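Notes follow the structure.
The values are calculated or read from the model by the stated rules, or taken from the named source; none is laboratory data. Because the structure is predicted, anything quoted here is derived from the model rather than measured. Every residue, glycine among them, receives a Cβ derived from its backbone with ideal geometry; neighbour counts consider all protein chains shown. Ligands, DNA and RNA are stripped out before the accessible areas are found, and what is left, the full protein with its side chains, is counted by its heavy atoms. Shrake-Rupley method; radii C 1.70, N 1.55, O 1.52, S 1.80 Å.
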Amino acid sequence: MRYFADWIIENLEFTRAIPSEYVYLIIMVVGGLLLLLFVVPMAGALTFVERRVAGKMQSRIGPNRVGPQGIFQFVADGVKLILKEDIIPTAADRRLFKLAPYIVFVGSFLTFAALPFSQKLIAADLNIGILYIFAVSSMVVVGIIMSGWASNNNLSLLGGMRSAAQIISYEVPQILSVLAVILLTGTLGMQGTIKAQGWAPQHWFLFHNPFAFIAFFVFFISAVAECNRIPFDIPEAESELVSGYNTEYSGFRFGLFFLAEFANVYVISAVAVTLFLGGWNTPFYLPTGIWGLLPSAVNLAGLITFLIKTFVLVFVCMWLRWTLPRLRVDQLMTVGWKYMVPIAFFNLVGTAVWMLVWGDKSIAALLGG
Amino acid sequence: MQSFNIVVYVFAAIIVASAALVAFSRNLVYSAFALLFTFFGVAGIYVMLSADFLAAVQLLIYVGGILVLIIFAVMLTHRISDVEISNQSLRPAQGALILIGIMAVLLGVIFKTQWSLEGQLEYQATTALIGDLLLKKYLLPFEIVSVLLLAALMGAAVIVRKEVRGEQSGGKS
């Protein structure tokens, strides 16, 4: 986004009259709106895909009435959610009840600002990119507790508390496994991490060394837990808590919780692709000089590569959801603290030792001589 | 520099308003949740002062960790929704003493610090610099803090374990 803004200021005549600060401001707002235009339909479409995938896995049909193969189902659902009456329980804490869904959605939407899409397509290539993503997504926890408390409902409160305990517990192994990759790259930036990898699988960090390989699975499992999805969906366990922290919500506010959940699934998949699966790297390279500025085919190939990898991981999330049973609360904590955290620590130390012995050479580089 | 000032003042207003809500709200839960906006505003000020790493860590530690623990503690308070027991002003005289003490320290810091003036502010990545300082110049304080945290962690574990024992032998809750 930054290079684009600079290009506009340098090359377009009419912007000379306006101070550059305002041009940056306008571009930031436009960039944010573009991201919103990507996130909302994408998350909506994912709800439809999820239901179809669930149908196929359970040998039933799933939604197939609205449009060909039912692909407009999510549009119908969205319209329904917006038109529905917005009910606030009389016993609820009105102010917090209204505020909570926005905090949850803002927390998960803010992460998109630092997510890469292709070589040039990223809203803000922060030098603390990965740290920023974890930082803003920690706002989601507060929103979830707030919704559970404000609903003034035992089941909601229980769901909110469980969610907070779960997210805080799984944040530890998640960040520890990411640290292994940060050790290898020496940068916190998202684009820098992708540039340190190659297009071929043997140059991905997934196959860089045995510890990075394990770190990927630790990261992905903890990330699924952070999203409150099956097999870690005890905050909204239908058979125990009706629907957990969002039980009392209806209409648009419920829709925001739903959007945030599916946006989060995309975010964890995109982060996993960035850190471990080579990101947008393709066998082609951007031409240098004046041609590199154009929206080139190489850039498009990078975008498509990145989206394909990400949506494969999103599909894996759905696959897990419809094949695995739910963990019990104590099992969840056991998995988190007694298995994931020690494994993540082992990985971190292992990666450090690997780098001490072989530097940043990968297995492929060692075998190739 | 005009827009820079506007943004800083917006963040400062967020901090002051939400901090006032924390201090004066009659509802303890509102106080706890208002802290979210205070921490957010402080992170914003850090960003404007080109302390990017510190801003992200501020959100990660304070919002993701400490705030959640505070909210947990508040929610576990007995008769939480009872307005009478939450946020009463107690002992104004002692409070005023503490206030004066803190103000004196803050003013001392404000007048002693060598402030970098407008235009001298340099935007650069601070992560590597902080790492260098922590592991070279300030290694000893860093290690002492680590040991302190480890001790606190073990202390917490010990306290929790005792409770379980009492439950098994005495059968009391």
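In the range A:63-74, what residues are open to solvent by less than 80 Å² (accessible area, probe 1.4 Å) and in contact with a Phe, Trp or Tyr (Cβ under 9 Å, 6 or more places away or on another chain)?
Within the range A:63-74, A:P63, A:V66, A:G70, A:I71, A:Q73, A:F74 qualify.
Quick check on my filter: what residues within the range A:230-254 are assigned to a helix (DSSP H, G or I) and not acidic (D, E)?
A:I234, A:P235, A:S239, A:L241, A:G244, A:Y245, A:N246, A:G251, A:F252, A:R253, A:F254
If I ask for residues that are assigned to a helix (DSSP H, G or I), under 17 Å from A:F258 (Cβ atoms) and at pLDDT below 85, which ones from the range A:83-97 would you list?
Listed by number, the list is empty, since nothing qualifies.
Say we look at the range B:1-12 and pick out the residues that are over 13 Å from B:A43 (Cα atoms) and in a helix (DSSP H, G or I); which of these is farthest from the chain's Cα centre (by Cα)?
B:Q2
When you check A:I221 against the structure, is it within 22 Å of A:F109 (Cα to Cα) and open to solvent by 30 Å² or more (accessible area, probe 1.4 Å), yes or no?
So A:I221 passes the test.
Could you tell me which of the residues A:R16, A:R65 is outside any loop (DSSP other than H, G, I, E, B), among the basic types (K, R) and at pLDDT below 85?
A:R16
Which ones in the range A:46-62 are open to solvent by 90 Å² or more (accessible area, probe 1.4 Å) and either in a loop (DSSP other than H, G, I, E, B) or not basic (K, R) (or both)?
Selection gives A:S59, A:R60, A:I61.
Just to verify a result, which residue in the range A:347-360, among those that are in contact with a Phe, Trp or Tyr (Cβ under 9 Å, 6 or more places away or on another chain) and without any contact (Cβ under 8 Å) to a residue 60 or more places away in the chain, is farthest from A:S169 (Cα to Cα)?
Ranking the qualifying residues of the range A:347-360, first place goes to A:V353.
Can you tell me which residue within the range A:135-159, out of those that are open to solvent by less than 40 Å² (accessible area, probe 1.4 Å) and over 25 Å from B:V42 (Cβ atoms), is nearest to the other protein chains (Cβ to nearest Cβ)?
Among them, the one singled out is A:G148.
Residue check, A:L332 against (1) farther than 29 Å from A:L121 by Cβ; (2) open to solvent by 50 Å² or more (accessible area, probe 1.4 Å); (3) within 25 Å of the chain's Cα centre (by Cα), all met but one. Which one?
Only one criterion in (1) farther than 29 Å from A:L121 by Cβ; (2) open to solvent by 50 Å² or more (accessible area, probe 1.4 Å); (3) within 25 Å of the chain's Cα centre (by Cα) is unmet by A:L332, namely (2).
Taking the range A:121-134, which residues are closer than 22 Å to A:L307 by Cα, β-branched (V, I, T) and surrounded by fewer than 24 Cβ atoms within 10 Å (Cβ to Cβ)?
A:I122
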